[in-house]
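What follows draws every value from the coordinates through simple rules; no lab data is involved. A quick note: this is a predicted structure, and the numbers were derived from the prediction, not measured. Methodologically, a virtual Cβ is constructed for each residue, glycine included, from the backbone with ideal geometry; neighbour enumeration extends over all protein chains shown.
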Amino acid sequence: MNSDGEHWNYESVQVLLSLAREGVPVSVISLKLKRPVTEVRAKLNDLGVTPAAEV
């Protein structure tokens with residue numbers, strides 16, 4: 001859940017996947033989706049997606 005208590009919805013997951021496939025770092029994805037870095041990493045892990053390396 002994000003800071004507003006929202007669960008991952010379809011649109012959020014699609015944005016997450018799109019950004020991850022583009023190689024956007026988790027810290028940036030976290031800011032764009034307004035979710036904690038740990039939550040973004042956990043969701044990517046659940047989806048079997050390896051996040052891009054932080055620069």
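Points to keep in mind about this one:
- Take the Cα of Ser18, go 7 Å toward its beta carbon, and the backbone nitrogen atoms of region 34-53 under 16 Å from that spot belong to 34.
- Inter-site label distance for Trp8 and Asn45 at 7 Å from Cα along Cβ, in nm: 1.2
- Expected 222 nm ellipticity per residue - DSSP helices of 4 or more, -39500 (n - 2.57), all of the chain, to 500: -16500 deg cm²/dmol
- Taking the Cα centre of the chain as reference, the dipole from Cβ charges on Lys and Arg (+1) and Asp and Glu (-1) amounts to some 80 debye.
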